[in-house]
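Peer 1: Handing you this structure, nothing more for now.
Only the coordinates and a few stated rules stand behind these numbers; no lab work does. No experiment lies behind these values; they were computed from the predicted model shown. Please note: Cβ atoms are built from the backbone with ideal geometry, for glycine as well, and neighbour counts cover all protein chains shown.
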Amino acid sequence: MRTKILSAAVLVAALSGVFSLSPRVGAQGAVALSGTVSSQAEGKMEGVLVTARREGANYDVTVVSDAQGKYSFPRTHLKEAGKYAVKIRAVGFDLTGAPASVDVDAAKAATLDLALEPAKDISSQVTSVEWITSVPGTPAEKALVIKQIASCTYCHSLERVLKSKHTAEQFVPVINRMQKYYPDGTMAGTEGRGRAQFDGKAAQAAAEKNPSWGFVPGANKVELGKYLATINQSGGRALPAKFSLLPRPKGKGTKVIITQYDMPRKDTVPHDMDVALDGNPWYTDQSRPFIGMMNAKTGQFTEYPIRPLGTDTHHEFAGASDIQMDREGNAWFPTTDDSVNNHFGLIHKFDPKAKTFTPTTGYASPPTTQFMSIGPDGKIWSGFATFVRIDPRTAKVDWEFDWTKAPNVPKGPHSGYEIAVDPKGNPWITDFGASAIVGVDVNTKTVKYFPTPTPAAQPRRGKIDDQGRFWFGEYTGDKIGMFDTKTEKFTEYDPKIPFAAPYTSSTPDSKGRVYAPSNTSDRVFRVDAKTGEIVTYLMPVRDFDTKQVTIDPVDKKSVWFANERNARIVKIEPLD
């Protein structure tokens, strides 16, 4: 089927290379803007995020001040002359005299020293982790809030919850309402980007009748409401007098450039993103019938509408979930379809050259697909309970197997989640419900089942590298996990941030480092697979939520992901 193309093009500066933090000349040329960050309280300040955006641009660039308080933007990133708005992120501090701006000339470097003062309202700056560690409560009570598959922090920060004045009784209808929203949507962020939406009518009705909250056995709405009413502002209670703050970035955590690109439609819900072999990111919109591509060199976006594929009660809003780019540059993604009785829908192939969408066929049982993977032979894999393999040449299923029915799989509950394929072409999956990693031999259909070392870690999403190592986020284990499919042994990496809830993981970059996001703390962890060193990068915005992290296939060092909570594509460039 041929489809009309909808384009939204915005020209932005090309991103390339790295630079020295010297205020004079970097590896890629002269510095465009530099200065020093300081305050009366600390003097020269390390770890302050400085963000610059040119008037009329659809992107902003962030750097971090070093141990001497110096920050520096290379001309490769502030390439165009003009007036740039400047803002900072440093919890506990405001920019004196904000808003700040500076004129950047195309021929000479600009200088702007930044003075910070104590924050007028620190409660508007802290992360969900800092909220939950600053209020009273037992670990079990706090787990009700954070450690759920769709927790109070899944679509928004805890700020709106803990600044509320609801009583325990009033919280129950509020929780009912929250459960009626589609869990992979998200509230509009502080900058008015992103969008939440109600789930289908059947799901809304079920939420109203469901006494349980989340997926932890024994958790219920009344219990959660009682706890929330002890830590919010009900009954005249004040906010915490002192917050338990996470440290600002330091050392290697300051050696980074972060660029955020605004998607053309500010209410896009980009659940997933992958990067094609040419280096261009592709993304899906899980709440509208679009997939899109951003040219990594020009910043130009092109979006492709998907024909309406769902009209029954399971498809009250159309959209697509995971996206995987094959070797020929085709996009594979599941989207709503009347032939499939679930919201995630049916896997389709999109050929960007021919502008055609092709549905997959040949399923032995109705497919249930949210996430996918591409094997070493180029075949497409998907599945939750049933593994499905698709021949990309024919778009037909050529192998199918339900691993949950194998005799050696222990009693559940089982919730197959992220699928990945090892170098031998065997599929593996994270069992979110039973906290395990599961693999199947395609030739013998033998199932291997491995519980995570940390009990109830709930491994969520991740990827297998070319050495057969499955990297994943331990969502309720607060760690980054690695399972070696060759040795069948686990290694866990602990960032030592309670309630960090790492969601997923990339494969290693060219230096052997993987990246895992913590949406509750607005941070991305970088784990050195060789030494175990963990470097922490703070993100420029509080509205942070990413489900998939990809290493750039061109430079093999930069990191790409979509920020679902504010409709942006983000690039992290480590400078070490």
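Peer 1: Tell me, what is the FRET efficiency for Asp555 and Ser101 to the nearest 0.05, using R0 = 25 angstrom and their Cβ-Cβ distance as r?
Peer 2: Efficiency, rounded to the nearest 0.05: 0.20.
Peer 1: Along the charge dipole of the chain, pointing to its positive end and built from +1/-1 on Cβ of Lys, Arg, Asp and Glu, which listed residue (Tyr84, Thr394, Leu245) has its Cα farthest out?
Peer 2: Result: Tyr84, furthest along the dipole toward the positive end.
Peer 1: Further question on the same structure: If the chain between Trp399 and Gln68 were fully stretched, how many nm would it gain, using 0.36 nm times the residue separation less the Cα-Cα distance?
Peer 2: 113.3 nm
Peer 1: Percent antiparallel among DSSP beta bridges with both residues in the chain, to the nearest 5?
Peer 2: So the antiparallel bridges in the chain amount to around 95 percent.
Peer 1: If I stretch the segment between Tyr449 and Thr361 completely, what's the gain in nm (0.36 nm per residue apart, minus their alpha carbon distance), one decimal?
Peer 2: Numbers: separation 88, 0.36 × 88 = 31.68 nm, distance 2.95 nm.
Gain on extension, Tyr449 to Thr361, equals 28.7 nm.
Peer 1: Still on this structure, please answer the following. Rounded to the nearest 20 debye, what is the charge dipole size of the stretch 370-541 about its Cα centre when +1 sits on each Lys and Arg Cβ and -1 on each Asp and Glu Cβ?
Peer 2: Numbers: 22 positive and 21 negative charges, 16 e Å.
Dipole about the Cα centre, nearest 20: 80 debye.
Peer 1: Just to be sure I understand the model, the point goes 7 Å from the Cα along the line to the Cβ. What's the resulting Ala81 to Thr111 distance in nm?
Peer 2: Roughly 2.0 nm, to one decimal.
Peer 1: Let me ask something else. Report the FRET efficiency, 1/(1 + (r/R0)^6), for Lys250 and Leu277, where r is their Cβ-Cβ distance and R0 is 60 Å, rounded to 0.05. Intermediate results must be reported in sequence, preceding the final value.
Peer 2: On the way: r = 36 Å, r/R0 = 0.59.
Result of the calculation: an efficiency of 0.95.
Peer 1: How far apart, in nm, are two points set 7 Å out from the Cα along the Cα-to-Cβ line at Ala456 and at Ala241?
Peer 2: About 3.3 nm, to one decimal.
Peer 1: In addition: Label-point separation (nm) for Asp121 and Lys511, each offset 7 Å from Cα along Cα-to-Cβ?
Peer 2: 3.9
Peer 1: Near Lys486, which lysines are there with a Cα under 27 Å away, not counting those fewer than 8 places off in the same chain?
Peer 2: Lys379, Lys405, Lys411, Lys424, Lys445, Lys448, Lys463, Lys511, Lys530, Lys547, Lys556, Lys557
Peer 1: If you stretched the chain out fully between Ala30 and Val174, how much longer would it get, using 0.36 nm times the residue separation minus the C-alpha to C-alpha distance?
Peer 2: Values: separation 144, 0.36 × 144 = 51.84 nm, distance 5.37 nm.
Once the chain is fully extended between Ala30 and Val174, it gains 46.5 nm.
Peer 1: If I compute volume of the Cα convex hull per residue in Å³ from the structure I just sent, which labelled value in (i) 166; (ii) 142; (iii) 219 lines up?
Peer 2: Among (i) 166; (ii) 142; (iii) 219, the one calculated here is (ii).
Peer 1: Could you derive backbone 3J(HN,Hα) for the stretch 117-124 from the dihedral phi with the Karplus parameters 6.51, -1.76 and 1.60 (θ = phi - 60°), listing whole Hz in sequence and x where the residue is Gly or Pro?
Peer 2: Values per residue, Gly and Pro as x: 9, x, 5, 6, 9, 5, 5, 8 Hz.
Peer 1: Could you name the aspartates and glutamates whose alpha carbon sits less than 13 Å from that of Lys571, not counting residues in the same chain fewer than 8 places away?
Peer 2: Reachable aspartates and glutamates: Asp60, Asp262, Asp274, Asp552, Asp555.
Peer 1: Can you figure out the FRET efficiency of Lys530 with Lys424, using R₀ = 25 Å and their beta-carbon distance, to the nearest 0.05? Could the numbers behind the result be given before it?
Peer 2: Details: r = 24 Å, r/R0 = 0.95.
After rounding to 0.05, the efficiency reads 0.55.
Peer 1: Using the Karplus curve 6.51 cos²θ - 1.76 cosθ + 1.60 with θ = phi - 60°, what ³J(HN,Hα) values do you get for each residue of the stretch 74-85, in whole Hz, with x for Gly and Pro?
Peer 2: Result, rounded to whole Hz: x, 5, 5, 10, 10, 6, 9, 5, x, 8, 10, 7.
Peer 1: For His166, His77, which order do you get if you count the other beta carbons within 10 Å of each Cβ and list the fewest first? Walk me through the intermediate numbers first.
Peer 2: On the way: His166 18, His77 25.
Ordered from fewest to most neighbouring Cβ atoms within 10 Å, His166, His77 come out as His166, His77.
Peer 1: What ranking do Leu228, Leu116 get, fewest neighbouring Cβ atoms within 10 angstrom at the top? It would help to have the intermediate numbers written out before the result.
Peer 2: On the way: Leu228 27, Leu116 21.
Arranged by neighbour count, lowest to highest, Leu228, Leu116 become Leu116, Leu228.
Peer 1: Using the Cβ atoms and a cut-off under 11 Å, what net charge is assigned to the surroundings of Ala205, where Lys and Arg are +1 and Asp and Glu are -1?
Peer 2: Net charge in that neighbourhood comes out at +1.
Peer 1: Between Pro264, Thr111, Gln467, whose Cα lies farthest towards the positive end of the dipole of the chain when Lys and Arg beta carbons carry +1 and Asp and Glu beta carbons carry -1, centred on the Cα centre?
Peer 2: With unit charges placed on the Cβ atoms, the residue in question is Thr111.
Peer 1: Fewest Cβ neighbours within 10 Å first, please rank Val549, Val447, Val161 accordingly.
Peer 2: Details: Val549 27, Val447 17, Val161 21.
In increasing order of surrounding Cβ atoms, one gets Val447, Val161, Val549.
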